[in-house]
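Novice: Here's a structure for you.
Here, each number is a calculation from the coordinates, and none is a lab measurement. Bear in mind the structure is a predicted one, so any value in this text is a computation, not a measurement.
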Amino acid sequence: MSGGGAKEEPRGSSWDFIWNPRTHELMGRTATSWGLILLFYLVFYLFLAGMFALTMYVMLLTLDDYRPTWQDRLTTPGMMIRPKGDQLHIAFSVSKAESYNGLLSSLDAFLSPYNDSVQAQTNDNCPPNQYFIQEDSGEVRNNPKRSCQFNRTALDLCSGLVDRSPTASSGQPCVLLKLNRVIGMLPGKDGQSPYVSCGPKVYDVNVGPLAYFPPNGTFNLMYYPYYGSKAQVNYTQPLVAVKFLNASLNTDLNIECHINSNTLGDIYANERDKFAGRVSFTLRINA
C-alpha cells in the first residue's frame, strides 16, 4: 500500500556550487558576472596605483637631492669617541702590548683619511676662525662644494705619526672626539669656535691633567657649515684629541666630555638625550 505523501525532488550534487552544468554558473556566478567583478577590481586597483604614483611624484618634486626638506635632528649635535671600545668602555694594561695594540690599529684605520698627503689632494687650506660659506647662486647650484683640510698632524701627540707604544705603555692614552654632522649648523659666532671640555663624572676620582689637540680642544669654524654628503663629497669631519697625562691606575674612570659654544645653548637643558653635545665613557688603565 503506497503512501499518500508528496514525492521529494532530488537534491543537486554538492559539486553544483563549484560548477552547475544546467545554469553554467561557476561558484554561483555566470561568466558575465565574473567578468564584471574582475573588471571592477582591475579598474579599482589601477586607480589606487595611479593615485599612489601621483602622490609619490608630487612628493619627490618637493625634495632636494642635496639638502633635506625637513630636519628633525636636535639643534645640539651628538658627540662620539674613537676608539669606542665595548659599550664606550676603554680598557688596557700598560704592561701588556696585546691589550692596546687593537685599539691603536683601530685608530690608525680611522685616521688614515686624515693623512696630510690625502688632505692636500682633496681639500682646501682654508683661513681659520671663520665660516666657509658656499652659497648657491639662485637656481644655479654651487656643487660639488669644497671642504677644508683637517690634517692628521694637527692632533700632534695623538696623531699616531710617532711611536705610540711608549705612550700607551706609560699609561697616557689618547681619545678622539667628534661631533655628529648636522647640515647647516653654525656652532659659534663672533669668531669663537666651539671647544671641548672633559672631566670626571665622579669628582673624587683623579683623571689627572689633560692635553687637548688641536690646542684648546677647538672645532674650528672653518669646517662649518656642513652641506651634506652629496653636496660636499670630500668633507672631513674635524676631531679633538684628549690625552690623559697622569690618570689613576687600576680603577674605572667615569669621564664626560662636552661641547662649549656660544650658539648651541645649554646642553644640560635637554635631559632626554644624554648624547646631545656630550659623551660619557669609562677609561680603565691597569698597571
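Novice: Using only Cα atoms and rounding to the nearest 10 degrees, what angle (0 to 90) does helix 98-111 make with the longest principal axis of the chain?
Specialist: 80
Novice: May I pose another question? Could you state, as a whole-number percent, how many of the C-alpha pairs of region 20-61 are farther apart than 18 Å?
Specialist: 52
Novice: Which whole-number percentage describes the relative contact order of the chain, with Cα contacts under 8 Å and a sequence gap of 6 or more? Could the numbers behind the result be given before it?
Specialist: Details: 453 pairs, mean separation 67.3, N = 287.
In percent, rounded to a whole number, it is 23.
Novice: Can you give me the Rg/Rh ratio for region 79-286, using Cα atoms for both radii and the Kirkwood formula for Rh? Kindly include the intermediate steps, with their values, before the conclusion.
Specialist: On the way: Rg = 17.9 Å, Rh = 18.1 Å.
When Rh is taken as the Kirkwood radius, the ratio is 0.99.
Novice: For the Cα atoms of the chain, what angle does the longest principal axis make with the long axis of helix 31-61, in degrees from 0 to 90, nearest 10?
Specialist: 20
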